[in-house]
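Inspection log for the structure reproduced underneath, given as structure tokens.
The values are calculated or read from the model by the stated rules, or taken from the named source; none is laboratory data. All values derive from a computational prediction rather than experimental measurement. Using ideal geometry, Cβ is built from the backbone for each residue, glycine included, and neighbour counts are taken over all protein chains shown. All accessible areas refer to the heavy atoms of the entire protein, side chains included, with ligands and DNA or RNA removed. Shrake-Rupley method; radii C 1.70, N 1.55, O 1.52, S 1.80 Å.
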Amino acid sequence: MNFANTPSFTSQGLGPGARLILCVLASLALLVGDSHFGLMDRARDAISVLLYPIQRAVNLPLTAGRHIGDFFVTQAELKQENDRLRSVELAQSGRLMRLQMLERELAQLKALNQLKVGRSDRGQLAEVLYTARDPFSYKIIIDKGLDAGVKPGLPVIDEQGLIGQITRVQPLTSEITLIINKNQMVPVVNLRTGQRTLLYGYGGGVEVRYLSSGSDIRPGDQLVTSGIDDLYQEGIPVARVTRVDRPAGAAFARVLCQSVAGVQSSRYVLILPARSAMPPEPAPAPEPAVKKKKKTTDEDAG
């Protein structure tokens with residue numbers, strides 16, 4: 001191919017210098033016209049609309065990377081905040097439980113103090129330390145002992161009623177046998193009918209025994225201490241009748257009861273003094289004197 005005869009495009013028309021001058025003049029005219037008359041506003045708007053998708057496409061990786069980084073940072077911050085709030089919630093729950101326990105103990109102490117003030121005898125407030133080693137013995141240990149003048153046999157109550165009796169005393173502590181112990185027995189009276197009977201523990205609960213099937217007793221009856229012994233004072237609430245069974249042909253009814261006191265939940269108790277001193281044992285009756293018959297002789301008879 002012969003390039004010698006090919007026409008040169010650069011040699012046609014205006015020369016480069018003239019073209020440069022024309023471009024400079026056109027640029028100046030556009031600048032002056034745009035600054036004074038806003039000739040290029042619409043052109044710029046159209047060009048910006050055309051170039052917007054390209055700008056979004058170019059910025060998309062950077063924007064996506066920034067959003068992903070923000071997502072992971074936000075997740076980490078949320079996890080830290082969640083852990084912190086969970087720890088605060090656990091701490092607040094523990095404080096709330098302790099506060100509720102303190103409020104319950106305060107209410108119990110107030111009730112016992114009012115009960116103590118309202119009684120004519122002198123009672124001693126005591127705190128329950130722990131339960132006995134054998135949970136089936138239904139015994140608790142309190143913080144009053146010989147140093148406080150506690151003696152075996154003293155009745156113990158809470159703000160609701162009778163819970164047991166002092167059975168063992170040590171120098172600094174004492175043992176209370178609860179009324180639900182199978183070896184405990186309390187003389188009680190039915191407030192509704194005035195009938196006296198005996199309430200026995202059976203290991204976890206209480207029941208009335210040896211009550212004839214025809215006796216007037218029914219669920220809901222209140223049983224209080226009868227005061228016929230020298231231990232329990234009269235009128236201490238003990239139990240409430242919950243069920244009465246009268247088997248056909250049986251001589252005795254089966255009466256199940258529910259203790260009214262918190263025998264296994266009270267934190268503070270009131271130790272009552274004995275009602276009176278035990279009566280002395282009667283002295284044995286003296287043996288009758290044997291009269292000696294005087295021997296008579298024949299001489300005396302004469």
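What's the total number of residues in region 248-258 that are open to solvent by 100 Å² or more (accessible area, probe 1.4 Å) and more than 14 Å from residue 206 (Cα to Cα)? Walk me through it before giving the result.
First pass over region 248-258, keeping only residues open to solvent by 100 Å² or more (accessible area, probe 1.4 Å): 248, 252, 254, 258.
After this cut, where a residue has to be more than 14 Å from residue 206 (Cα to Cα) as well, the list is 248, 252.
Counting residues in region 248-258 that are open to solvent by 100 Å² or more (accessible area, probe 1.4 Å) and more than 14 Å from residue 206 (Cα to Cα) gives 2.
Quick check on this structure: which one of 160, 195 is over 16 Å from residue 269 (Cα atoms) and either among the charged types (D, E, K, R) or surrounded by fewer than 20 Cβ atoms within 10 Å (Cβ to Cβ) (or both)?
Numbers: 160 fails: over 16 Å from residue 269 (Cα atoms).
When all the criteria are applied, what remains is 195.
All of 173, 177 fail the test of being on the phi < 0 side of the Ramachandran plot, open to solvent by 10 Å² or more (accessible area, probe 1.4 Å) and among the β-branched types (Val, Ile, Thr), apart from 173.
From the set of residues in region 231-247 that are over 14 Å from residue 161 (Cα atoms) and surrounded by fewer than 13 Cβ atoms within 10 Å (Cβ to Cβ), which is farthest from the chain's Cα centre (by Cα)?
Here is the first cut: in region 231-247, the residues over 14 Å from residue 161 (Cα atoms) are 231, 241-247.
If we keep only those that are surrounded by fewer than 13 Cβ atoms within 10 Å (Cβ to Cβ) as well, we get 243, 245, 247.
Working: 243: 30, 245: 36, 247: 41 Å.
Step by step, filter region 231-247, then rank; the result is 247.
When region 8-52 is filtered for residues that are modelled with pLDDT of 75 or more and among the aromatic types (Phe, Trp, Tyr), only 52 remains.
Checked against (1) at pLDDT below 80; (2) open to solvent by less than 70 Å² (accessible area, probe 1.4 Å); (3) not polar (S, T, N, Q), residue 99 meets all criteria but (2). Note on region 34-77: residues that are open to solvent by less than 100 Å² (accessible area, probe 1.4 Å) and touching a helix residue (DSSP H, G or I) at 6+ places or on another chain (Cβ under 6 Å) total 1.
Yes or no, residue by residue, for (1) among the polar types (S, T, N, Q); (2) closer than 16 Å to residue 239 by Cβ; (3) surrounded by fewer than 21 Cβ atoms within 10 Å (Cβ to Cβ):
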| position | (1), (2), (3) |
| --- | --- |
| 128 | no, no, yes |
| 131 | yes, no, yes |
| 143 | no, no, yes |
| 147 | no, no, yes |
| 184 | yes, yes, yes |
| 213 | yes, no, yes |
